[in-house]
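Scroll down for the structure; my scribbles are underneath it.
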Amino acid sequence: MHLLVNDQIHLTEFRPSDKAACVQHLGDREIYDRTIRIPYPYTEADFDNWLEITIKATEQHGEPIHFAIRTNDDLFIGGCGFDGLTKGHRAEIGYWLAKPHWGQGIMSTVVSRACEHALASWKLVRITAHIFESNSASARVLEKNGFVCEGHLRKHYLKDGRFFNGNLYALVR
Ligand SMILES: CC(C)(COP(=O)(O)OP(=O)(O)OC[C@H]1O[C@@H](n2cnc3c(N)ncnc32)[C@H](O)[C@@H]1OP(=O)(O)O)[C@@H](O)C(=O)NCCC(=O)NCCS
C-alpha cells in the first residue's frame with residue numbers, strides 16, 4: 001500500500017527493514033513519556049512483536065491498518081494507525097513521530113490523510129483518540145483535524161506506578 005500525504009510524506013506498511021530506525025527513534029524517552037503502549041527501553045524484540053501485530057491485523061482486515069510514515073526518500077520517521085477497527089462503525093487512532101521531525105506540521109497532515117482514508121475506505125462514523133492530559137501537541141493535532149474532546153478521564157492511566165489523567169477525543173460524522 002502507498003498513501004500519499006503530500007509531496008514530502010507518504011504512508012506504507014511497516015517493513016522488516018524499519019527495525020534499526022524504529023529502535024533508534026523509540027529510544028527517545030520523550031516519546032515513551034507521551035504514549036500509552038510503547039515499551040521503553042525499546043528493543044529489537046519489541047519491533048519484531050510489533051511487526052507481527054501489524055501483519056496479523058492486515059490478514060484480519062484484508063489491508064494494512066497500521067502505517068509507517070516515510071519521507072519522499074523513503075526514510076522511516078514514525079507511525080500512525082488504527083486499533084479496534086469495526087468497519088462501518090469506528091476505530092481508535094494512535095501516532096508518534098521521531099523527535100527531529102516534530103513541529104513541522106507533519107503529524108497534522110498525516111492524521112488528516114489517515115482519517116480521510118479510514119472514513120472513506122472503512123465507512124467509519126467515529127474515530128477516537130485517547131491522550132494524556134499533558135499532551136498538548138497531540139491535543140492540538142486532533143483539534144486541528146476536527147476532533148472534539150468528549151471527556152476528561154481522571155486517573156485513567158497507571159504508568160510506572162503513577163496515575164495520570166487522560167482526555168478522550170472523537171471525530172464523528
Ligand atoms: C504529538 C506529535 C505526534 C505531534 O507531531 P508534530 O508533527 O510535531 O505535530 P504538528 O507539527 O503537526 O502540530 C503540532 C501542534 O501542536 C502545537 N504544539 C507543539 N507543542 C505544544 C505544546 N507544548 N503546547 C501546546 N501546543 C503545542 C504546535 O504549535 C502545533 O500546532 P499549530 O499548528 O497550531 O502551531 C509528536 O510531538 C510526537 O510524536 N510526540 C510523542 C508521541 C505522542 O505524543 N504521540 C501521541 C500520543 S496520543
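All of the numbers you see were taken from the coordinates with simple rules; none came from a lab. A quick note: this is a predicted structure, and the numbers were derived from the prediction, not measured. When we count neighbours, we look across all protein chains shown, and the Cβ atoms used for this are built from the backbone with ideal geometry, even at glycine.
So the values come out like this:
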{"quantity": "Lysine pair number, Cα distance threshold 21 Å (strictly under), the chain, separation 8 or more or different chains", "calculated": "5"}
{"quantity": "Gaussian network model of the chain, Cα within-10 Å springs - most flexible of P39, P64, P16", "calculated": "P16"}
{"quantity": "Distant-in-sequence amide H partners of L153 (H built 1.01 Å from N, under 5 Å)", "calculated": "G166, N167, L168"}
{"quantity": "Within region 1-106: Cβ-based charge dipole about Cα centre, in debye rounded to nearest 20 (Lys, Arg +1; Asp, Glu -1)", "calculated": "260 debye"}
{"quantity": "Candidates per trypsin sites (Lys or Arg not before Pro) in region 107-140, loop by DSSP, up to 11 other Cβ within 10 Å", "calculated": "K123"}
{"quantity": "Those trypsin sites (Lys or Arg not before Pro) in region 21-66 that DSSP places in a loop and that have at most 10 other beta carbons within 10 Å", "calculated": "R37"}
{"quantity": "Potential extension, E150-E133 segment - 0.36 nm per residue separation minus Cα distance", "calculated": "4.8 nm"}
{"quantity": "Contour minus Cα-Cα distance for S112 and M1 (0.36 nm per residue)", "calculated": "38.2 nm"}
{"quantity": "Rh by Kirkwood over Cα pairs, then Stokes-Einstein D for region 2-172 at 1.306 mPa s and 10 °C, µm²/s", "calculated": "97 µm²/s"}
{"quantity": "Length-normalised contact order for the chain - Cα pairs under 8 Å, 6+ apart - percent", "calculated": "17 percent"}
{"quantity": "Most positive-pole-ward Cα, F163, Y95, A114, against dipole of the chain from beta carbon charges", "calculated": "F163"}
{"quantity": "Projected label distance in nm at Q24 and E44, using a 7 Å step from Cα toward the beta-carbon", "calculated": "1.5 nm"}
